[in-house]
1. Of ALA231, PHE97, ALA178, which is farthest towards the positive pole of the chain's charge dipole, taken about the Cα centre with +1 and -1 on the beta-carbons of Lys, Arg and Asp, Glu respectively?
2. Give the carbon-plus-sulfur fraction of the accessible surface of the range 92-185 in %, rounded to a whole number; probe 1.4 Å, heavy atoms of protein chains only.
3. For the range 30-188, what is the relative contact order in percent, using Cα pairs closer than 8 Å and at least 6 residues apart in sequence?
4. Would you work out the charge dipole size for the range 143-224 about its Cα centre, treating the Cβ of every Lys and Arg as +1 and the Cβ of every Asp and Glu as -1, and quote it to the nearest 20 debye?
5. Pick out, from VAL18, ILE67, PRO31, the residue whose Cα sits farthest towards the positive end of the charge dipole of the chain, with +1 on the Cβ of Lys and Arg and -1 on the Cβ of Asp and Glu.
6. Taking amide H positions as placed 1.01 Å from N in the peptide plane, with prolines and chain starts having none, which residues 5 or more places from GLY133, or on another chain, fall under 5 Å of its amide H?
7. If you fit an axis through the alpha-carbon atoms of helix 165-179 and take the longest principal axis of the Cα set of the chain, what angle between them do you get, 0 to 90°, nearest 10?
8. Hey, what do the phi angles of the range 102-110 turn into as Karplus ³J(HN,Hα) couplings, whole Hz, using 6.51/-1.76/1.60 and θ = phi - 60°, x for Gly and Pro?
Amino acid sequence: MPGEVRLPGGNVGGAWKVGRTVRRTTGPWTPAVHALLAHLEGLRCVPRVHGFDEQGREVLDFLPGRIVDVETELLTDAQLVSVARWTRELHEAVAGFTHPGPWRFFGADSPILVGHNDIAPYNICFDGDELAGVFDWDLAGPTTPRLELGWLAWQAAPLVRRLPDEWTVRRLGVLARAYGGEEVDAEALLDAAVDRVELAIRGVLAAVAAGDPGMIALHRTTGEPEPMRRALTLLRERLPQLRRLARA
């Protein structure tokens with residue numbers, strides 16, 4: 001297509017920018033995702049759906065902003081606050097929304113709402129310290145706030161990387177306080193992250209076995225879920241010290 005530019009990233013599916021829109025490949029989950037995005041119209045940082053192009057790709061708003069490189073950078077405290085507050089807004093906005101699917105998400109036990117399920121630096125962009133966009137909704141589906149926050153802690157604190165324990169726990173506290181709620185604190189996020197990563201490992205393996213093209217591409221390009229498994233093993237070794245610091 002004239003003027004089409006392949007956007008960086010996209011290990012699972014890929015995206016192409018055309019003017020002020022983004023074109024993405026679809027799957028059986030796309031109708032459910034589009035219904036969710038329609039329900040969320042008016043919530044800041046959420047793309048609108050503009051149908052499909054002549055190649056059958058979904059057409060969405062392009063959300064301008066700066067993406068923080070997860071390999072070389074870290075979100076600022078203010079960025080952590082902004083994304084955690086938006087996550088609370090999302091969970092409030094989806095109250096009462098239901099859809100039979102099918103959904104692409106791996107399948108959470110006892111889900112109570114429909115969430116994004118992949119809120120992470122590679123799927124969000126910022127205007128300075130303020131969240132400007134949340135994209136790649138393909139993994140949206142029934143989940144729990146706890147699992148959603150666990151993945152955010154894993155990717156954005158980030159627990160997936162080995163950083164000083166005191167510093168890590170402090171950032172977990174920043175996330176927890178920004179999201180709010182009596183049951184959300186640094187220690188709760190530690191436990192939620194472990195459960196969410198275990199779910200992701202099982203889910204990627206099952207999706208690859210089922211022939212999901214995107215998850216097969218993810219496995220081939222990154223080796224997942226083995227990197228997650230190794231990172232989770234390292235986190236488990238740190239958990240006793242992290243819990244002690246979180247309780248202090």
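The values are calculated or read from the model by the stated rules, or taken from the named source; none is laboratory data. On a predicted model such as this, the values are computed, not experimentally measured, just so you know. Counting neighbours? That spans all protein chains shown, and the Cβs are built from the backbone with ideal geometry, glycine included. Note: areas computed on protein heavy atoms with side chains; ligands, DNA, RNA excluded. Shrake-Rupley method; radii C 1.70, N 1.55, O 1.52, S 1.80 Å.
1. ALA231
2. Numbers: 1980 of 3880 Å².
With neighbouring chains kept in place, the figure for the range 92-185 is 51 percent.
3. Details: 252 pairs, mean separation 40.9, N = 159.
Normalised by residue count, the contact order of the range 30-188 is 26 percent.
4. Details: 9 positive and 12 negative charges, 75 e Å.
Dipole of the range 143-224, to the nearest 20 debye: 360 debye.
5. Sorting the options by dipole projection puts first ILE67.
6. CYS125
7. 60
8. Here the 3J(HN,Hα) series is x, 10, 7, 4, 5, x, 8, 6, 6 Hz.
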